1. Condition first: modelled with pLDDT of 95 or more, touching a Leu at 6+ places or on another chain (Cβ under 8 Å) and under 27 Å from Phe143 (Cα atoms). Can you find one or more residues in segment 22-32 that meet it?
2. Anything in segment 4-58 that is open to solvent by less than 60 Å² (accessible area, probe 1.4 Å), over 16 Å from the mean Cα position of the chain (by Cα) and closer than 21 Å to Leu74 by Cα? List them, or say none.
3. So Trp70 passes all but one of these: (1) part of a helix (DSSP H, G or I); (2) open to solvent by 30 Å² or more (accessible area, probe 1.4 Å); (3) touching a residue at least 40 places away in the same chain (Cβ under 8 Å). Which condition number does it fail?
4. Taking segment 19-64 only, how many residues are out of contact with any Lys or Arg (no Cβ under 6 Å at 6 or more places or on another chain) and within 20 Å of Asp122 (Cα to Cα)?
5. Could you list, in sequence order, all residues of segment 155-166 that are assigned to a helix (DSSP H, G or I), at pLDDT 90 or above and either in contact with a His (Cβ under 6 Å, 6 or more places away or on another chain) or over 16 Å from Thr43 (Cα atoms) (or both)?
6. Do any residues in segment 27-38 that are closer than 17 Å to Val104 by Cα and in a helix (DSSP H, G or I) have Cβ atoms under 6 Å from those of residues that are aromatic (Phe, Trp, Tyr) and open to solvent by less than 90 Å² (accessible area, probe 1.4 Å), where the two are at least six apart or on different chains, and which pairs are they?
7. Name the residues in segment 80-139 that are among the β-branched types (Val, Ile, Thr) and in a loop (DSSP other than H, G, I, E, B), would you?
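The values are calculated or read from the model by the stated rules, or taken from the named source; none is laboratory data. For clarity, every value in this text was computed on a predicted model and none was experimentally measured. Glycine also receives a Cβ, built like all others from the backbone with ideal geometry; neighbour counts cover every protein chain displayed. Protein only, heavy atoms only, side chains kept; ligands, DNA and RNA dropped before computing areas. Shrake-Rupley method; radii C 1.70, N 1.55, O 1.52, S 1.80 Å.
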Amino acid sequence: MRASVAVLRVAAAVAVLVAVVTQWESSLRDPGYRFVDFFGYFTVQSNLIVLVALLVGAFTVLRRARPPRWTVALRAGATTYIALTGLVFNLVLAGLPSTDPYTVPWVSDVYHRVIPLYAVLDWIVFADRDRQPWRRVWQFLAFPLVWVVVVLARGADFVPYPFLDVQTLGGGGVALWCIGITVAVGAIGALVVAASRLRLLDPDREAPRRGDPRRSGPRRGGPQRSGS
């Protein structure tokens, strides 16, 4: 099972890499392209975090030992952020008309649907992880909050999503959206922590091999107790 899980994770990571490179090449044709803007989107950042987490998870699952705690924390955080990406896009942004002619449609599907779905299922189904502490939910908030602060500090120079447009929504409207995002991260993070208690498919639980003494009780002809 370890090899199968590793292959799935590497395949998903490759899909992210191909999607990012494809969209990057398309964005280079935009006269207003700026490197910092392309990689400033939470969508791109969360997908890249998932890419790293999947590759690390593919490597650790092939080891005979339990994965280090930091790798599980990375996987938990990546699941939280990519789930937020998929949730916000499909509930808020999917119905809005695209204003970027350089957006590649299939890349958007990979970013916002395929990878979020896979990452969530990977976390729920494959139990090569330990139980995450509830304090992890607060730690999950750090990255999105830093990202929001950086975006707002740049002001009108960079508005990646309409719900962060101060000129259109005003400071109060954007503040409400930021509160909503914070609540969403906390709720998703809590579900991720709760799911770490599930033990559906554990790659570390290999089926006993033929001749493995764990398969059965004492062998025939084994030593007898003295005094019988």
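1. no
2. Answer for segment 4-58, where residues must be open to solvent by less than 60 Å² (accessible area, probe 1.4 Å), over 16 Å from the mean Cα position of the chain (by Cα) and closer than 21 Å to Leu74 by Cα: Phe39, Gly40.
3. Every listed condition holds for Trp70 apart from (3).
4. First pass over segment 19-64, keeping only residues out of contact with any Lys or Arg (no Cβ under 6 Å at 6 or more places or on another chain): 19-52, 55-56, 59-60, 63-64.
From what's left, within 20 Å of Asp122 (Cα to Cα): 19, 43-52, 55-56, 59-60, 63-64.
Result for segment 19-64: 17.
5. Within segment 155-166, just Val166 meets the criteria.
6. Close Cβ pairs (under 6 Å, with a partner that is aromatic (Phe, Trp, Tyr) and open to solvent by less than 90 Å² (accessible area, probe 1.4 Å)) amount to Ser27/Tyr33; Ser27/Phe38; Ser27/Tyr102; Asp37/Phe158.
7. Residues of segment 80-139 among the β-branched types (Val, Ile, Thr): 80, 82, 85, 88, 92, 99, 103-104, 107, 110, 114-115, 120, 124-125, 137.
Answer for segment 80-139, where residues must be among the β-branched types (Val, Ile, Thr) and in a loop (DSSP other than H, G, I, E, B): Thr99, Thr103, Val104.
Table: residues versus (1) within 16 Å of Val5 (Cβ to Cβ); (2) of a type in the set (Lys, Arg); (3) out of contact with any His (no Cβ under 9 Å at 6 or more places or on another chain).
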position: Val36; (1), (2), (3): no, no, yes
position: Ala58; (1), (2), (3): yes, no, yes
position: Arg66; (1), (2), (3): yes, yes, yes
position: Ala83; (1), (2), (3): no, no, yes
position: Asn90; (1), (2), (3): no, no, no
position: Pro101; (1), (2), (3): no, no, yes
